[in-house]
Amino acid sequence: MKAAVVRAFGEPLVIEERPDPEPGPGQVRIRVEASGLCHTDIHAAQGDWPVKPNPPFVPGHEGVGLVEKLGEGVTHLTVGQRVAVPWLGRACGRCEHCLSGWETLCEQQINTGYGCDGGYAEKMLAWADFAQLVPDGITPFEAAPLTCAGVTTYKALKVADVKPAQLVAISGVGGLGHLAVQYAKIAGATVAAIDVTDDKLELAAELGADLVIDAREENVGEVLKKHGGAHAAIALAVNESAFSAVNSGLRRGGKLVMVALPAHGTVQVPIFDTVLNGTSVIGSIVGTRQDLAEVFQLHAAGRTKVIHETRPLAAVNESIDAVLQGQVKARIVFDLGAGR
Ligand code: NAD
Ligand code: ZN
Ligand code: ZN
């Protein structure tokens, strides 16, 4: 099988021929149909974060495909079922986080495409208990972006506890942001979408944003304040200054939810304003299996649109460049079926 492999940080990925992986106990092997390119995969390939993966590794945590082989002890999946393999590759199931509905905070978790090989491959392994069944009616190319971009932003809006009639700022309308705009609308909010490219601002308006803010020309904080200030701001732009900008546009009691993970990122939060205005800064990491099930349910019900373009895995390096240059409308999804 073919896989796109990070051999060394900061170097182009290499397409390798590898033997099909053998599922261990509790695992399944999946014939991958579609695999989304999340900006996190770029951070992984560049070694951007304090906790790094170990090259060589196969990135990708939006892999969707058909179960092809069951490992020992797997009884609830059958060969031929379509599943999605998210960032939360597995968690321990026993710690306080797992037991309290916060499996995404499990210290024993293994992350797909980071701590183990991921979806940039024709075949991949998954822990059966964490492989999410994809409902009928959702194509693999739609399911892929929902598997990280969808669940992450859906969860971020839950964390922000968004209510109807609130103003929600979505900072960065990329892979994550284009879904965040839609979930904020579903929650009933008035949505302000912020980006630095015309195409993305247009897309945000098409997807229902009530207000678009061009961060190249406008002062984000001032515009949001003019509208009363945001009850919640979801920071999805891979840019530190975008975090501060949107934080300055919160209304009293507002919440900044940090989701994007720029390399070596730090943000200065003014203490005086934070205290006097009673604002919060909250981190939010992906979502649980239940969150992903809800994301799929909403999509199957026709309530979200996944904007994507498909490319062959062989185009992986050009695709990464395109994301970095802001040239992708929302999400690139690799078509792993093309070469079969
Ligand atoms: P992306 O590249 O598709 O989107 C980023 C968007 O931000 C682009 O539309 C870009 O034009 C816009 N942008 C850049 N500078 C901006 C600025 N100054 N103001 C406003 N917008 C600006 O990336 P993505 O795949 O959506 O991922 C976004 C980030 O989220 C990455 O850092 C990724 O690692 C992180 N992420 C976090 C989680 C989590 O669980 N916390 C999950 C997935 C991804
Ligand atoms: Zn991701
Ligand atoms: Zn745990």
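The values are calculated or read from the model by the stated rules, or taken from the named source; none is laboratory data. Remember, it's a predicted structure, so these values are computed and weren't measured experimentally. Positions of Cβ are generated from backbone atoms using ideal geometry, with glycine treated the same way; all protein chains shown enter the neighbour counts. What goes into the accessible areas is simple: the full protein's heavy atoms, side chains included, and nothing from ligands, DNA or RNA. Shrake-Rupley method; radii C 1.70, N 1.55, O 1.52, S 1.80 Å.
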Q.
Taking amide H atoms as placed 1.01 Å from N in the peptide plane, list the residues 5 or more away in sequence, or in a different chain, whose amide H sits under 5 Å from that of S284.
A. M258
Q | Size of electric dipole in region 161-283: Cβ of Lys, Arg +1 and of Asp, Glu -1, about Cα centre, debye, nearest 20 | A | 540 debye
(Q) Give me the one-decimal nm value for the distance between modelled label points at D161 and E206, 7 Å along each residue's Cα-to-Cβ direction. (A) 3.6 nm
Q: Would you work out what percent of the accessible area of region 161-283, with all protein chains in place, is carbon or sulfur (probe 1.4 Å)?
A: 52 percent
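Within the set K155/K200; K69/K185; K2/K155; K52/K163; K226/K305; K2/K305, which residue pairs have Cα atoms separated by over 28 Å? All intermediate terms of the calculation are to be shown ahead of the outcome.
Working: K155/K200 22 Å; K69/K185 40 Å; K2/K155 33 Å; K52/K163 37 Å; K226/K305 30 Å; K2/K305 30 Å.
Over 28 Å Cα-Cα: K69/K185; K2/K155; K52/K163; K226/K305; K2/K305.
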**Q.** Whole-Hz couplings from phi, Karplus 6.51/-1.76/1.60, listed for region 241-255; x for Gly and Pro
**A.** 5, 5, 5, 5, 4, 6, 4, 6, x, 6, 7, 4, x, x, 10
Q. Considering amide H positions built from the backbone, and no H for Pro or chain starts, which residues 5 or more places from Q27, or on another chain, come under 5 Å of its amide H?
A. G71, E72, A128
Q. Under a 1.4 Å probe, what is the accessible area of the chain per residue, stated in Å²?
A. 42 Å²
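Rounded, prolate or oblate: which one fits the chain, using the alpha carbon gyration tensor with axes a ≥ b ≥ c (rounded when a/c is under 1.5, else prolate when a/b beats b/c, else oblate)?
Details: a/c = 1.76, a/b = 1.62, b/c = 1.09.
Because a/c hits 1.5 or more and a/b exceeds b/c, the chain counts as prolate.
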